[in-house]
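The values are calculated or read from the model by the stated rules, or taken from the named source; none is laboratory data. Note that the structure is predicted; figures quoted are calculated from it, not measured. Here the Cβ positions follow ideal geometry from the backbone for every residue, glycine too, while neighbour counts run over all protein chains shown. These accessible areas exclude ligands, DNA and RNA; they are computed on the full protein's heavy atoms, side chains included. Shrake-Rupley method; radii C 1.70, N 1.55, O 1.52, S 1.80 Å.
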Amino acid sequence: MIRVLFVCTGNICRSPTAEGVLRALVDEAGLTSRVEIDSCGLGGWHVGEAPDPRTCATAHRRGVVLTHRARKLEPRDLDRFDYVLAMDGEHLEALRGMKGKARVALLRSFEPGAPPDADVPDPYYGGADGFEEVYDMCERACRGLLDHLREKL
């Protein structure tokens, strides 16, 4: 079993998108019993809330239903998960300041052709196009991540 955790700011836009995308890809690949997937936020402002409605609408248009409820990162997550994947450099820096055995990296480091320090931008304060762009980035990166995970299984 490989455990993957996606981390963003409040766990209502980027990380639940990545969680939903990877979950769909893992299901499609028949690996559901071998890969555990979750997401969380560095902050606790939205704990217990569903993802942003724009996030859900974007995913729904792509055939992905997001059922996640926001939660805050717990220190033990860095030992419980094998991969802790940050959405941007600020998240990565915060995660690297914590102790744990997980491999901590940027999500887009798994996206073929992406620059090594590529972020998934926060769409929260923008329009619908930003949510589409985030979904596309997450999908490309999660496809690369799935290829990587297949090698480890």
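Of the helices (runs of 4 or more DSSP H) lying entirely inside the stretch 48-119, those containing at least 1 residues that are within 19 Å of E132 (Cβ to Cβ) and at pLDDT 95 or above are 53-61. When G113, G126, G130 are checked against the criterion of being exposed (fewer than 13 other Cβ atoms within 10 Å of the Cβ) and small (G, A, S), a single residue qualifies: G113.
State yes or no: is V120 in contact with a Pro (Cβ under 7 Å, 6 or more places away or on another chain), aliphatic (A, V, I, L, M), open to solvent by less than 60 Å² (accessible area, probe 1.4 Å) and touching a residue at least 40 places away in the same chain (Cβ under 8 Å)? Spelling it out, it is not the case that V120 is in contact with a Pro (Cβ under 7 Å, 6 or more places away or on another chain), aliphatic (A, V, I, L, M), open to solvent by less than 60 Å² (accessible area, probe 1.4 Å) and touching a residue at least 40 places away in the same chain (Cβ under 8 Å). Evaluation of T67 against the conditions (1) closer than 19 Å to V26 by Cβ; (2) in contact with a Leu (Cβ under 9 Å, 6 or more places away or on another chain) shows that the sole unmet condition is (2). Just so you know, in the stretch 7-51 the residues that are of a type in the set (D, E, K, R) and within 25 Å of E93 (Cα to Cα) include one that is surrounded by the most Cβ atoms within 10 Å (Cβ to Cβ), and it is R14.
Residues in the stretch 133-149 that are farther than 15 Å from R62 by Cβ and either open to solvent by 20 Å² or more (accessible area, probe 1.4 Å) or touching a strand residue (DSSP E or B) at 6+ places or on another chain (Cβ under 6 Å) (or both): D147, H148, L149. Of the listed requirements (1) under 22 Å from R54 (Cα atoms); (2) in a strand (DSSP E or B); (3) aliphatic (A, V, I, L, M), V134 misses just one: (2).
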